[in-house]
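For reference, the structure is listed below as structure tokens.
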Amino acid sequence: MAAGGALSFEDPGLTVGTQAPLRVGDTGNWAVQPSLTVPRESPGVAVAADPATPGLYHLYAVGGRDGAGVLDTYEHASLTVAADGTQTLGAWAADAANPLPAGRTQLMAFAVDRSEASRVAAGTTFLYAASGVDGAGGIVRDTDAAQVQAGGTLAPWRVLDGMTPGRAG
């Protein structure tokens, strides 16, 4: 405590840095990351925890559209989070053998585990693909789910229900 009762703080173990804190809204520096296996316009994007490896997550790009039309595939990349918070994104891998029941673009993708829903068993995560637009411009009302497996691949998709009304974007 400094004279006059004012507080002061000192960290004798570190040297003074030259970096300034980011301003509100600042995104920091961009870094080049691995490319998707196919271009995807308007895919659903979500992050899910790996069920077997703590600190390992998977980034998913589901559906979307490429130059040939609407996609029914997904791909994922492993996302490792180190103890200091730094993140490393691995190469993208596609799973053409496990297509969505209905291809779509402008869809919503999200992951759910026990922290969001107590009905989900501990150590289990599901990836959802909800609604979207089909190749003819119509609304796909389906909500599909697939369980995240160790390493990031998904169990087969299951159609759960349809959104009423369907939504896109």
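Modelled spin-label separation between Arg158 and Glu116, with each label point placed 7 Å from Cα along the Cα-to-Cβ direction: 1.6 nm. The trypsin sites (Lys or Arg not before Pro) of region 56-119 that meet both conditions, a loop assignment by DSSP and at most 13 other Cβ atoms within 10 Å of the site Cβ, are Arg114, Arg119.
Only protein atoms count toward the accessible area here, which uses a 1.4 Å probe; on the chain, the carbon and sulfur part of that area reaches 55 percent. A cut-off under 11 angstrom between Cβ atoms defines the neighbours of Tyr128, and their net charge, with Lys, Arg +1 and Asp, Glu -1, is -3. Annotation: amide H of Val140 within the under-5 Å range of Gly132, Val133, Asp134, sequence separation 5 or more or interchain, hydrogens built in the peptide plane.
For the chain, leaving out every one of the chymotrypsin sites (Phe, Trp or Tyr not before Pro) that falls in a DSSP loop and has at most 15 other Cβ atoms within 10 Å, the longest unbroken run is 31-169. The share of C-alpha pairs in the chain whose separation exceeds 26 Å stands at 42 percent. The mean accessible area for residues of the chain, using a 1.4 Å probe and ignoring ligands and nucleic acids, is 62 Å² per residue.
Sorting the Cα pairs of region 17-82 by distance into bins of 10 Å, from 0 upward, gives 17, 33, 31, 15, 3, 0 percent per bin. For Gln33, the shell of other residues with beta-carbons less than 15 Å away shows a net charge of 0, using +1 for Lys and Arg and -1 for Asp and Glu.
The values are calculated or read from the model by the stated rules, or taken from the named source; none is laboratory data. Bear in mind that the values here come from a model prediction, so they are computed numbers and not experimental data. Using ideal geometry, Cβ is built from the backbone for each residue, glycine included, and neighbour counts are taken over all protein chains shown. SASA here: full protein model, heavy atoms, side chains in, ligands and nucleic acids out. Shrake-Rupley method; radii C 1.70, N 1.55, O 1.52, S 1.80 Å.
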